[in-house]
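Read the figures in this text as sums done on the coordinates, not as results from a lab. Predicted model only: the values in this text are computed from it and were never measured. Because the Cβ atoms are built from the backbone with ideal geometry, glycine has one as well, and the counts that use them run over all protein chains shown.
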Amino acid sequence: MEGPKFNTNNHAVKRILREAREMQKNPSPDFVTEPLADNIFEWYFAIRGPPQTEFEGLLSGVTFSEQSA
């Protein structure tokens, strides 16, 4: 199996991985967010529909990434 394609010694990478682990340990009932497996600088985010509304059970998601200037 191939290892990660990012530098795990980089401070930004370490922080992103630490925050992703924290979100996995303490998931929100309102949303889901996680970095993509092939690019940790690109994230998937989805919000859950509120209970007792027509949106209950709906999971609406987007992918976003950090863009450098």
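Multiply the residue separation of F6 and V62 by 0.36 nm, subtract the distance between their alpha-carbon atoms, and state the gained length in nm to one decimal. Can you show the working numbers first?
Working: separation 56, 0.36 × 56 = 20.16 nm, distance 2.28 nm.
Extra length from F6 to V62 when fully extended: 17.9 nm.
What does the charge add up to near N39, with Lys and Arg as +1, Asp and Glu as -1, over the other residues with Cβ less than 11 Å from its Cβ?
Values: positive: K5; negative: D38, E42, E66.
Combined, the nearby Lys, Arg, Asp and Glu give -2.
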Exercise for review: Compute the length gained on full extension between N26 and A46: take 0.36 nm times their separation in residues and subtract their Cα-Cα distance, giving the result in nm to one decimal.
Suggested key: 5.6 nm
Exercise for review: Quickly estimate the mean residue ellipticity at 222 nm for the chain, helices only: each DSSP H run with n ≥ 4 gives -39500 (n - 2.57), and the total goes over all residues, rounded to 500.
Suggested key: -7000 deg cm²/dmol
**Study point:** Net charge of Cβ neighbours under 15 Å - reference E22; Lys, Arg +1; Asp, Glu -1
**Key:** +3
**Study point:** Lys, Arg +1 and Asp, Glu -1 on Cβ, resulting dipole of the chain about Cα centre, debye, nearest 20
**Key:** 360
Practice item. Using θ = phi - 60° and the Karplus relation 6.51 cos²θ - 1.76 cosθ + 1.60, list the HN-Hα couplings for the stretch 33-43 in order, rounded to whole Hz, with x at every Gly or Pro. Key: 8, 6, x, 6, 5, 8, 7, 6, 8, 10, 10
Check your understanding: What's the angle, to the nearest 10 degrees (0 to 90), between helix 11-25's Cα axis and the longest principal axis of the chain?
Key -> 30
